[in-house]
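Enquirer: Here you go, one structure.
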Amino acid sequence: MTDAITVLGARLRFGETAALESVSVSIPQGACFGIVGESGSGKTTLMRAMLGLQRLDAGEIRILGTPLQQGRAALRQRARVVQPIFQDPAASLSPRSRIRTLMNEVGTVLKEPHAATHERLLVILKRLGLPDSVIDKYPHEISGGQARRVAIARALLVKPSILIADEPTAGLDVSVQGDLLNLLQDIRRAENITLVVISHNLAVVRLIAENAIVMRAGRVVEGGEVGPLFASPRQSYTRELFAAWPSLASNNKGR
Ligand SMILES: Nc1ncnc2c1ncn2[C@@H]1O[C@H](COP(=O)(O)OP(=O)(O)O)[C@@H](O)[C@H]1O
Ligand SMILES: [Mg+2]
């Protein structure tokens, strides 16, 4: 089967910083794929490149087998296939618009009557455990956890094949982090979406992903099935990431 996302030899520099260097990744369709690495290792840059929001200096990215193209028309078309959930959901919601306006924009893009979008939205909100009343709220009137779920709702409303979530648990209370990951996983299974989860936290990736890569300083240092990868990491860097999460390392036999 064609990969959901293929990255071939991606390279990108910001001045002296090698944000991406020789990055090649194959993300299979229909599974959950993890991208893990310390802060500054290039995870968000790779995500932006996969979305076509960041041009590469060299290399190629294919979405469902089709090479990424620049330009507004290509971006619009791609948005229907791959949807991001950015790290700071509040920042990606327009502060002056009610949530309703944001959701109606999706319907407009899909050329769907507002009533039909609204019907689908109600189903999605229920599934995400959000009250219908959020529709009439402004972004500042909802909590951080709700803002993240609103961002997920908006992404799902597009009916994408691929969802890329950057640090989906960041800023959330520890008690609800696991709930959110389980929710993403349930949705992925029900909708048969390819889910890419980016996190600096190994525990997150280990919990949710089947396959993962470990990034460091713009490079992929290792990758593979999450069980073996995290049970016996070959790279000292991955072991060090583990050492930062000791409870995880000791619980690691469960998987
Ligand atoms: N727009 C930018 N301009 C300059 N440097 C950047 C920019 N975006 C990211 N970087 C740098 O690229 C590296 C990778 O950043 P990033 O992809 O955000 O890492 P991560 O998401 O893993 O924390 C870092 O050194 C960061 O400072
Ligand atoms: Mg990041």
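The values are calculated or read from the model by the stated rules, or taken from the named source; none is laboratory data. Remember, predicted model here, so these are calculated numbers, not experimental data. Glycine gets a Cβ as well: all are built from the backbone with ideal geometry, and neighbour counts include every protein chain shown. Please note that ligands, DNA and RNA were not included when accessible areas were found on the heavy atoms of the full protein model with its side chains. Shrake-Rupley method; radii C 1.70, N 1.55, O 1.52, S 1.80 Å.
Enquirer: Counting only Cα atoms, I'd like the Rg/Rh figure for segment 94-157, Kirkwood definition for Rh.
Expert: Expressed as Rg/Rh, it is 0.93.
Enquirer: Please return the longest stretch of the chain lacking exposed loop sites, where GluC sites (Glu not before Pro) count only if DSSP places them in a loop and at most 15 other Cβ atoms lie within 10 Å.
Expert: Result for the longest clean stretch: 39-209.
Enquirer: Related question: Relative to the longest principal axis of the chain, what angle (0 to 90°, nearest 10) does the C-alpha long axis of helix 114-127 take?
Expert: 50 degrees
Enquirer: For Cα pairs less than 8 Å apart in space and 6+ apart in sequence, what is the mean separation divided by the residue count of segment 94-157, i.e. the relative contact order in percent?
Expert: 46 percent
Enquirer: Another question about this same structure. Quick one: helix 174-191 against the long Cα principal axis of the chain, what's the angle to the nearest 10°, folded into 0 to 90?
Expert: Taking Cα atoms only, the helix is inclined about 80 degrees.
Enquirer: Then there's this: How high is the FRET efficiency between residue 231 and residue 182 when r is their beta carbon distance and R₀ equals 22 Å, given to the nearest 0.05?
Expert: Given R0 = 22 Å and the Cβ-Cβ separation, E is 0.50.
Enquirer: Can you bin every Cα-Cα distance in segment 99-255 into 10 Å intervals starting at zero and give me the percent of pairs per bin, rounded to whole numbers?
Expert: 9, 35, 30, 17, 9, 0
Enquirer: Please work out the C-alpha center-to-center distance from segment 161-230 to segment 26-92 and express it in whole Å.
Expert: 15 Å
Enquirer: Quick check: the angle from helix 144-157's long axis to the longest principal axis of the chain, C-alpha only, nearest 10 degrees?
Expert: 80 degrees
Enquirer: Does a label point 7 Å from the Cα of residue 55, set along Cα-to-beta-carbon, have any residues of segment 8-24 with amide nitrogen under 13 Å, and which are they?
Expert: 13
Enquirer: At a Förster distance of 45 Å, what's the computed FRET efficiency of residue 136 paired with residue 38, Cβ-Cβ distance as r, to 0.05?
Expert: Plugging the Cβ-Cβ distance into 1/(1 + (r/R0)^6) gives 0.65.
Enquirer: Right, something else. Might you tell me the accessible area per residue for the chain, computed with a 1.4 Å probe and given in Å²?
Expert: Accessible area per residue: 48 Å².
Enquirer: Evaluate the distance, in nm, between pseudo-label points positioned 7 Å from the Cα of residue 22 and of residue 73 along their respective Cα→Cβ axes.
Expert: About 3.8 nm, to one decimal.
Enquirer: Report for the chain the percent antiparallel among DSSP-assigned beta bridges with both residues inside it, nearest 5.
Expert: Given both bridge residues lie in the chain, the antiparallel proportion sits at roughly 50 percent.
Enquirer: Which FRET efficiency value, to the nearest 0.05, is calculated for residue 122 and residue 175 with the Förster distance at 41 angstrom and r the Cβ-Cβ distance?
Expert: 0.95
Enquirer: So, in nm, how far is label residue 240 from label residue 96 when the simple model puts each one 7 Å beyond its Cα toward the Cβ?
Expert: 4.7 nm
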